[in-house]
1. Order of Val129, Val171 from fewest to most other C-beta atoms within 10 Å?
2. Using per-residue counts of other Cβ atoms within 10 Å, averaged over each peptide, order 32-44, 147-159 from highest down.
3. To make sure I understand, if each residue's beta carbon is the centre and we count other beta carbons within 10 Å, what order do Ile196, Ile161 fall in, fewest to most?
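Nothing in this text is a laboratory measurement; each read-out follows from the coordinates by a stated rule. Quantities reported herein were computed from a predicted structural model and do not represent experimental measurements. Here the Cβ positions follow ideal geometry from the backbone for every residue, glycine too, while neighbour counts run over all protein chains shown.
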Amino acid sequence: MAPVSLLAFAGLCLLLSVTPGPDTFLVLRISLQNAGAGIAAAFGSAAAALVWAALVGVGLAAVLEESAAVFRWLKIAGGLYLLYLGVSSLIRARRTSGTACPEVPARRAYSRRAGFGAGAFSTLLNPKVGLFYLAVVPQFIPHGGNTLNTALVLGAIESVIGFLYLAAVAVVAAKAMAWLQRPRVSRSLERGSSGILAALGLGMVASSAGS
């Protein structure tokens with residue numbers, strides 16, 4: 001594949017990565033509790049994106065384009081998972097705000113393994129990631145080239161760029177922890193990011209149920 005094509009694909013991935021989405025808010029929320037778990041969530045998201053690229057390479061992701069029912073139920077599953085993450089975090093934030101010593105930071109609810117799992121499942125259950133690969137990756141596969149290998153190379157590029165961006169989000173949140181751990185600021189960000197996750201989940205479920 002020509003370097004110009006790789007550069008163009010990398011630029012497209014960078015553009016998409018800096019656009020806030022469910023993974024960004026998920027990593028931010030986890031990083032407020034545990035920076036290491038936030039980076040693990042970023043790695044989980046990147047690994048899951050590579051899985052989507054592999055599925056496209058072997059032709060499995062084409063089912064999403066051919067079957068409206070599969071696409072609909074996958075969207076509903078992803079929406080319900082995001083809704084669960086948002087609601088559970090809102091409940092946890094409410095319990096934290098009711099403690100006798102609000103100056104004490106919230107207990108770290110996420111381990112690195114749990115963060116990795118949350119990031120991976122969030123991306124695996126997001127059909128838009130599969131559709132992105134399905135629509136964009138074939139345009140960069142040279143005629144007569146190895147489809148699987150090319151898809152994996154492009155998937156690796158997207159995964160690395162996505163991981164670096166999400167890891168930067170986690171690191172910035174950790175560096176600003178002294179400010180973020182102020183009770184009022186921490187509760188506002190926790191509830192805000194959780195509410196956004198819940199809203200995204202509700203929107204995905206509503207749009208899928210109505211289609």
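1. Val171, Val129
2. 32-44, 147-159
3. On the way: Ile196 19, Ile161 22.
Ranking Ile196, Ile161 by Cβ neighbours within 10 Å, fewest first, gives Ile196, Ile161.
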